[in-house]
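A short worksheet on the structure shown next.
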Amino acid sequence: MATKGLALRAIVFDFDGTLATLNIDFSRMRKEVMDLIAAYRIPLPPCGFRDLLVLELIAAGAVLVTQHTPGREAGFIAQAHTRITGIEIEAARKGALLHGTRDMLTALQREGVKTGVITRNCLAAVQTLFPDIDQYAQAVITREQAPQVKPHPGHLKTALDRLDAAAGQAAMVGDHPMDIKTGKDAGVFTIGVLTGYSRRETLEQAGADLILDAATDIPAILT
Ligand SMILES: [Mg+2]
């Protein structure tokens with residue numbers, strides 16, 4: 001297998017769909033932001049707007065608010081984040097860590113592999129699902145702590161810096177093509193998992209170096 005002899009010193013995980021059940025209603029989050037944009041009496045946004053990921057939709061919405069009602073963009077951004085954070089925390093309360101997540105992270109740490117988590121989710125939602133996460137991961141970088149979020153490789157590099165790990169000795173694990181792109185752009189080994197958003201073919205097309213059924217399979221491939 002491609003991982004034999006792979007000297008991984010650090011592994012950084014996505015959160016939702018990788019360590020926890022994926023139950024966030026992304027389309028509801030986008031609709032909430034679209035409704036908020038409409039409440040600012042902004043004319044119909046450009047074609048393709050609805051297809052943006054929610055954080056990018058908020059950023060694009062803020063640009064429109066600035067153009068149409070200068071000075072109100074900070075309020076718009078705050079209101080938008082309140083709306084999406086509410087949905088994320090509600091989802092976290094109904095969600096759960098995937099079976100075996102804590103044991104897997106413990107096994108990696110026992111092998112001397114540092115572990116981190118990067119997520120576009122908010123800290124409150126992550127802590128709702130995984131209150132003791134700091135005992136299992138040495139770097140947890142939610143969107144609040146990331147200067148730029150995934151798919152920007154800076155999100156992953158922030159985690160690697162915190163772990164004091166070089167890209168050549170690290171891996172990124174995630175359920176979404178975005179996680180694979182982030183890892184590739186940061187120069188790390190990429191592992192796709194099938195516990196969340198994507199089918200195997202999608203992760204293959206994204207260029208994942210390895211695809212596993214679940215993140216909990218990782219300790220077994222390192223030995
Ligand atoms: Mg995910």
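The values are calculated or read from the model by the stated rules, or taken from the named source; none is laboratory data. What you see is a predicted model; the values in this text were computed from it and never measured. Every residue, glycine among them, receives a Cβ derived from its backbone with ideal geometry; neighbour counts consider all protein chains shown. Heads up: the accessible areas ignore ligands, DNA and RNA and are worked out on the full protein's heavy atoms, side chains in. Shrake-Rupley method; radii C 1.70, N 1.55, O 1.52, S 1.80 Å.
Probe of 1.4 angstrom, ligands and nucleic acids ignored: what's the accessible area per residue over the chain, in square angstrom? Kindly include the intermediate steps, with their values, before the conclusion.
Values: 10560 Å² over 223 residues.
Accessible area per residue: 47 Å².
Enumerate the residues in segment 60-102 having an amide nitrogen under 17 Å from the point lying 7 Å beyond the Cα of residue 53 toward its Cβ. It comes to 60-61, 81, 84-85, 88, nothing else. Scaled against the 2.2 N^0.38 Å expected of a compact globular protein of N residues, the Cα radius of gyration of segment 111-150 reads 1.17. With a Cα cut-off of under 19 Å and a minimum spacing of 8 residues unless on different chains, the lysine pairs in the chain number 6. The Cα center of segment 205-222 and the Cα center of segment 46-64 differ in position by 32 Å.
Since only 154, 133, 170 are under comparison, the one whose Cα sits farthest along the positive direction of the charge dipole of segment 118-199, derived from C-beta charges on Lys, Arg, Asp and Glu, is 154. Computed from point charges on the beta carbon alone (+1 for Lys and Arg, -1 for Asp and Glu), the dipole magnitude for the chain about its Cα centre is near 320 Debye. In this rough spin-label picture, where each label sits 7 Å from Cα along the Cβ direction, the residue 67-residue 79 distance is 1.9 nm. When a 1.4 Å probe is rolled over the protein heavy atoms, the share of accessible surface on segment 26-93 that falls to carbon and sulfur comes to 58 percent.
Scan segment 106-201 for GluC sites (Glu not before Pro) in coil per DSSP, keeping those whose Cβ has at most 14 other Cβ atoms within 10 Å, and list them by number. Please report the intermediate quantities before stating the final value.
Working: sites: 111, 144, 201; in loops: 111, 144.
Loop-located and lightly packed - 111, 144.
Only Cα pairs under 8 Å and 6+ residues apart enter the sum, and on that basis the relative contact order of segment 1-87 stands at 30 percent.
For segment 108-210, go through all pairs of different Cα atoms, get the mean of 1/r, take its inverse, and jot down that Kirkwood value in Å. One decimal place: 13.8 Å for the Kirkwood radius. Working from the Cα coordinates of the chain, the gyration tensor eigenvalues give, after taking √(5λ), semi-axes of 33, 17, 16 Å in decreasing order. In percent, rounded to a whole number, the relative contact order of the chain is 26, using alpha-carbon pairs under 8 Å and six or more apart. Taking the DSSP beta bridges with both ends in the chain, the antiparallel portion is around 5 percent. Radius of gyration over Kirkwood radius for segment 1-104, both on Cα atoms: the Rg/Rh ratio is 1.15. A Cα-only calculation for segment 151-223 places Rg and Dmax at 11.7, 33 Å. Projected onto their three principal axes, the Cα atoms of segment 74-115 cover extents of 47, 24, 7 Å, largest first. Extension gain for residue 148 to residue 205 (0.36 nm times residue separation, less C-alpha to C-alpha distance): 18.1 nm.
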